[in-house]
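The values are calculated or read from the model by the stated rules, or taken from the named source; none is laboratory data. Since the structure is predicted, the reported quantities are computational estimates derived from the model, not experimental observations. Note that we place each Cβ from the backbone using ideal geometry, even for glycine, and neighbour counts take in every protein chain shown. Side chains included, ligands, DNA and RNA excluded: accessible areas come from the protein's heavy atoms. Shrake-Rupley method; radii C 1.70, N 1.55, O 1.52, S 1.80 Å.
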Amino acid sequence: MAAIALTFLFLYKNTHSSDAQNISVYNGYVTSIYYDQFYVNEVNLISNSSATANVYVIPKSQLSYIPVVLPEKQIDKRNSTFSQRFELYYDRSENNLICNTVCELNFRFELQQNGVVLGCPAQLFLYDNKADLKIFIANEPYGSVGDPVAQTDCLPKTGVVNKTFHLPPNKLYYIGWYVAKNVGYTIWLSANLTRINISGLNEDCSVSSQHTTCPITHTKYPHKKENISLLFNTTSTTMMDVNVTPVLVQWNLQRLTGVSAPSCIGVVVMMVAVFVWFYYCMIRTVAWNGYITIA
């Protein structure tokens, strides 16, 4: 019977750990990681902050979203007297440029040439991390721009340009701006976003500066095969980085409760046949070793 149990376990479950991921958690908003075709068995967390991040593990079907519309707002207006790169801010204290599933940013640029303009008049870059934004700013006014997730072409010296970006979700975006000498400009931004709603959810665990291992029991083997999400939020006043290493479970076949009768019977018959063959071989071995005598 032990052989049957082990065979059944091998057929129906495969457990392994995934690679670690680093995620950033922002005060008042939810950061998420999705795992396709896997269930989360447990999650190992390490934080670089003394603040606490709450962790939720839920099936994708239980996620709910809140639509967010940011009305058009002027984010910068000035005349450039020298070529420069810098970050543009849009209510950064409120982290308005974080989104889940829907992430659309709409920019409107109005540029005016106010003298001799050499090279690219102006260009906008979008980043999903501070490291690349820092590279962009540190190499002003020329040189590496890091690894932007999106950018405009060089904008014309004079006129109005509208640009819409549809960006990958589950990120906080930073705006980098380059402007040449003798260019005047005004920039407006509006956005259509969604954010995950965690109202009513109970966290599975929390992590601060120490290493934390969280067993995830209630979502370990859901009855319905579906994707799993890890959600993080914090009340920290500064951005918090968390290293996430989940232990994932993937069923090679449907769960026993979800297997149809014919396929279930087929699997059972196959395992019984294997067990009978194994038992027959053991009996023959015992008979051969225990009852053959030399005349």
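Basic side chains Lys and Arg get +1 at the Cβ, acidic Asp and Glu get -1 at the Cβ, and with that the dipole of the stretch 64-197 about its Cα centre reaches some 200 debye. Heavy-atom accessible area for residue 181, with the other protein chains in place and a 1.4 Å probe, reaches approximately 100 Å². Loop-located chymotrypsin sites (Phe, Trp or Tyr not before Pro) across the stretch 72-128 with a Cβ neighbour count of 10 or fewer within 10 Å are 82, with loop assigned by DSSP.
Within the stretch 32-105, none of the GluC sites (Glu not before Pro) combine a DSSP coil assignment with at most 16 other C-beta atoms in a 10 angstrom radius. Take every pair of alpha-carbon atoms less than 8 Å apart whose residues are at least six positions apart; their mean separation over the length of the stretch 64-197 yields a relative contact order of 52 percent.
Which entries in the list 73/130; 60/130; 134/171; 77/134 go over 19 Å, if you measure between the two C-alpha atoms of each? Could the numbers behind the result be given before it?
On the way: 73/130 23 Å; 60/130 29 Å; 134/171 17 Å; 77/134 22 Å.
Table pairs above 19 Å Cα-Cα are 73/130; 60/130; 77/134.
Over the stretch 64-197, with a single point scatterer placed on each C-alpha, what log10 of the ratio I(q)/I(0) does the Debye formula yield at q = 0.10, 0.13 1/Å? After summing over all Cα pairs, the log10 values are -0.32, -0.53.
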